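Participant: What follows is a single structure, and I will ask about it in a moment.
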Amino acid sequence: MSLLQSGGGLALSLIAAFVPTFLYVLFIRWLDRREREPIQLVLGVFLWGCVPAVILSIIAELVLGIPFTGDGCTEFCTIVQTAGIAPVVEEI
């Protein structure tokens, strides 16, 4: 069984998202030598930005995808959901 099939795909995705973000934060904190923000505020901003954004995008995608679900749904419905609804909701 490969790593992606055993549930390691989620862990790999989280690591791939976390590492560059962490490096960017370190770089920006390094640039801001005179007036650094407290680390508690930086962590609060990241948590506030990622948790509500994910929850709201899941809700919006589920609500907007309702017309495209059901027994009679074809490949067109899947394409609309993945190429139409998801990118628009995630970018907003």
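The values are calculated or read from the model by the stated rules, or taken from the named source; none is laboratory data. Just so it is clear, the structure is predicted and the values come from calculations on it, not from any experiment. Quick reminder, even Gly has a Cβ in these numbers, built from the backbone with ideal geometry, and neighbours come from all protein chains shown. The area values use the complete protein model at the heavy-atom level, side chains included, leaving out ligands, DNA and RNA. Shrake-Rupley method; radii C 1.70, N 1.55, O 1.52, S 1.80 Å.
Participant: Open to solvent by less than 90 Å² (accessible area, probe 1.4 Å), in contact with a Phe, Trp or Tyr (Cβ under 6 Å, 6 or more places away or on another chain) and either modelled with pLDDT of 80 or more or not in a helix (DSSP H, G or I) (or both): which single residue out of Cys73, Cys77 fits that description?
Facilitator: Cys77 is the lone residue from the list that is open to solvent by less than 90 Å² (accessible area, probe 1.4 Å), in contact with a Phe, Trp or Tyr (Cβ under 6 Å, 6 or more places away or on another chain) and either modelled with pLDDT of 80 or more or not in a helix (DSSP H, G or I) (or both).
Participant: Next question. Output the number of the condition that Pro20 fails; it satisfies all remaining conditions of (1) under 21 Å from Glu90 (Cα atoms); (2) at pLDDT below 85.
Facilitator: Result: Pro20 passes all but (2).
Participant: One residue is enough: does the range 65-78 have a residue meeting the conditions aliphatic (A, V, I, L, M) and in contact (Cβ under 8 Å) with a residue 24 or more places away in the chain?
Facilitator: Checked against the condition, which is being aliphatic (A, V, I, L, M) and in contact (Cβ under 8 Å) with a residue 24 or more places away in the chain, the range 65-78 yields no hits at all.
This table checks each residue for (1) part of a helix (DSSP H, G or I); (2) in contact (Cβ under 8 Å) with a residue 60 or more places away in the chain; (3) open to solvent by 100 Å² or more (accessible area, probe 1.4 Å).
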position	(1), (2), (3)
Leu14	yes, no, yes
Val25	yes, no, no
Ile28	yes, no, yes
Glu35	no, no, yes
Val42	yes, no, no
Gly49	yes, no, no
Ile55	yes, no, no
Val63	yes, no, no
